1. Give the average over all directions of the projected area of the C-alpha convex hull of the range 85-179, one decimal, in nm².
2. Find out how many positive minus negative residues lie around THR133, taking Lys and Arg as positive, Asp and Glu as negative, among other residues whose Cβ is under 10 Å from that of THR133.
3. Note down the nm distance, to one decimal, between modelled labels 7 Å out along Cα→Cβ at ARG182 and at GLU196.
4. In a shell of Cβ-Cβ distance under 15 Å around GLU96, excluding GLU96 itself, what net charge do Lys and Arg (+1) and Asp and Glu (-1) give?
Amino acid sequence: MSTEVRERRPRARLAAPRRRGAGRFVSFGLPALIIAALALVAVVTTRGDGGGEASVAVRFDGPALAAPLEAGDVVPGFAAPGLRGGEVSWSDYRGEPAVLVVWAPWCPHCQVELPLMHELAPQYDMTVVTVVTSIGDRPGPSPKGFMEENGLIFPTAVDDSGGTIAAGLGVQGFPTSYYVDRDGVVVETAVGEAGEDAMRASMASLAATGS
């Protein structure tokens, strides 16, 4: 159902809201039922670790959105089972600049971007939190297998089969990255695979908000 689409240009930093796009991302359609979802959604996922069976609630503090969050928007709260167990809650990362990345394990652009982000983030003392979603929609590695193969240690929330978190964050394609300041406000939205120079610029700008 997912298709390759042309470039979408995400909005740039809060001081000058524009959109920057890399032109390399995978889009998907959201079911009408998800778009109409009410606030404080709590649904049950049956694949809490991206591979093993579990029964854990995914929680999202807001309605589904038809478009990505923009610069100036506050990231709603959410919590979900962690890929390595336990729970990943967005509230745990308030108070520090962070990059929130929504990805799918079968997305080729995500498979390129996440290892690059893993390499660059420590250089900017940057926290990266990810949400893996649309698991099994296309052939590809398991989320846990992909993370382990690439030595990625980001805290990763596992979305449910309905894509509750992705819908709440307005995600329309993979990867979608939100650069978020210490107050939980989006500074920049990047949709699509970012190159090293663009990613460095975004991280440096975000790090400056926390200084």
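No lab work stands behind these numbers, since they all come straight from the coordinates. From a predicted model like this one, the values you see are computed outputs, not experimental measurements. Reconstructed Cβ throughout: ideal geometry from the backbone, glycine too, with neighbour counts over all protein chains shown.
1. Projected area, direction-averaged: 6.0 nm².
2. On the way: positive: none; negative: ASP137, ASP159, ASP160.
Summing Lys/Arg as +1 and Asp/Glu as -1 gives -3.
3. In this crude label model, ARG182 to GLU196 measures out at 3.0 nm.
4. Numbers: positive: ARG94, ARG182; negative: ASP92, ASP125, ASP181, ASP183.
It works out to a net charge of -2.
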